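Since every read-out is calculated from the coordinates, none of them should be taken as a lab result. What you see is a predicted model; the values in this text were computed from it and never measured. A quick note on method: Cβ atoms are made from the backbone with ideal geometry, for glycine too, and the neighbour counts reach across all protein chains shown.
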Amino acid sequence: MRVQQQQTESAENYWQYVVRQFKKNVFAVGSVYIVVALGLVAIFADFLANDKPIVASYKGTIIFPILKEYLVDLGLARWEKDFVLANWKELPYDWSIFPPVPYHPNTPDKTLFSLKDRAPSSKHWLGTDDIGRDVLAGLIHGSRYALSIGFVAMGIALAIGILLGALAGFYGGWVDIVISRLIELFMTLPTFFLIITVVAMVQEGSLWLVMALIGLTGWTSIARFTRGEVLRVRNLDFVTAATALGYSPARIIFRHVLPNALAPVLVTAAFGIASAVLIESALSFLGFGVPPTVVTWGSLLSRSRVNISAWWLAVFPGLMIFITVAAYNLIGDALRDATDPRLRT
């Protein structure tokens, strides 16, 4: 049995081994399912929470308002006069199918007056904020901003960090010195306060600005990990053979060195996504993030400061932030253990 196991391990490549080790961590696998579920919620947010029907029959014509809205937003179509400024719920449909949460995160419910009316109920499952916007609809649509900020910001950081780290580790010498000093310079910057300063100088917050700032200030740890791994890999036999065959430095770096040096970088990327979600939530909570009309988890959480008795405004958005950050951290921990050769079993 032991010989058979050793033969199986020798037959699998490194990434197959990493996947096998990763699957041994039950919490990490569960976290992957959570991240996938959040991704699906983000993709289909308009079909899960919206004040427009998914499909309806209006004056004998089948219409798909949510799909039509995408075309309107892209400038490829426009609303007919019956639908301009119309209350979609009160239109005389022949029949209609609304999303499970029939509210848009930016549309307030004007029938709510007291704190008791805005509390969680059969009408608003997770309650509403102080101006009557549905919390569950805000959480569903807010998942788009949380995940997009995490992935886009970390994508920017990965592009910068991997490139500079690979150059520093492969070439060494003065290239390594310059890039290492640049890394140290960026590490001394107070990232969070720098982002607040830049965002505060802009007249109106922008989601893309927040993404860019998080990405442009979060690449240092990725560059350090990449540099260290490239330093290790560049002296291996297959790199020496590629150099002897006359391959260009760019081909050696991107075709031979980086694919064998990126495993530890994935660990940093997982933690970086969690950090980006936290930073955006903190910025929105303080009022420096995206515009006020954009509903994010952090902006929902900030509404709890208006009325401290509205406990649901603190509990549900805070719980979503905690679950998301914990899921990415658990994935990062599992990747770190799976890519560590000292823990090979």
Notebook entry, point to check: Which order do Val290, Val55, Val26 fall in if you start with the one that has the fewest other Cβ atoms within 10 Å?
Noted result: Val26, Val55, Val290
Item checked: For the stretch 51-98, Kirkwood radius (reciprocal of mean inverse C-alpha pair distance, Å) -> 11.0
Next item on the list: Evaluate the Debye formula for the chain with equal point scatterers sitting on the alpha carbons, no solvent, and hand back log10 of I(q)/I(0) at q = 0.15, 0.16 Å⁻¹, in q order, two decimals.
Entry: -1.25, -1.34
Next item on the list: With the Cα gyration tensor of the stretch 93-165 in hand, give its eigenvalues times 5 under a square root as the equivalent ellipsoid semi-axes, listed largest first in whole angstrom.
Entry: 37, 16, 9
Note to self: Using the basic label-point model (7 angstrom from Cα toward the beta carbon), what is the Ser114 to Phe254 distance in nanometres?
What the structure shows: 6.6
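How do Ile156, Ile323 line up, fewest other C-beta atoms within 10 Å first?
Least crowded to most crowded, the residues run Ile323, Ile156.
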Check: Normalised by the number of residues in the chain, what is the relative contact order in percent for Cα pairs under 8 Å and 6+ residues apart?
Finding: 21
Notebook entry, point to check: For the chain, what number of Lys pairs, 8 or more residues apart or on separate chains, have alpha-carbon atoms under 20 Å from each other?
Noted result: 14
Next item on the list: Please list the non-local residues whose amide H lies under 5 Å from the amide H of Tyr58, H modeled 1.01 Å from N, same-chain partners needing a gap of 5 or more.
Entry: Ile63, Asp94
Check: If r is the Cβ-Cβ distance from Ala77 to Lys123 and R0 is 35 Å, what FRET efficiency results, to the nearest 0.05?
Finding: 0.60
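Given a Förster distance of 25 Å, report the FRET efficiency between Leu236 and Val19 from their Cβ-Cβ distance, rounded to the nearest 0.05.
0.65
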Next item on the list: Would you order Trp219, Trp208 from fewest to most other beta-carbon atoms within 10 Å of each residue's own beta-carbon?
Entry: Trp208, Trp219
Note to self: Antiparallel versus total DSSP beta bridges in the chain: what percent is that, nearest 5?
What the structure shows: 90
Notebook entry, point to check: Roughly how many whole Å is it from the C-alpha centroid of the stretch 54-76 to that of the stretch 186-237?
Noted result: 41
Margin query: Exposed loop sites here are GluC sites (Glu not before Pro) in DSSP loop states with at most 15 other C-beta atoms within 10 Å. What is the longest stretch of the chain lacking them?
Written below: 205-345
Notebook entry, point to check: When the helices in the chain are scored as -39500 (n - 2.57) per DSSP H run of 4 or longer and the sum is shared across all residues, what 222 nm value do you end up with, to the nearest 500 deg cm²/dmol?
Noted result: -19500 deg cm²/dmol
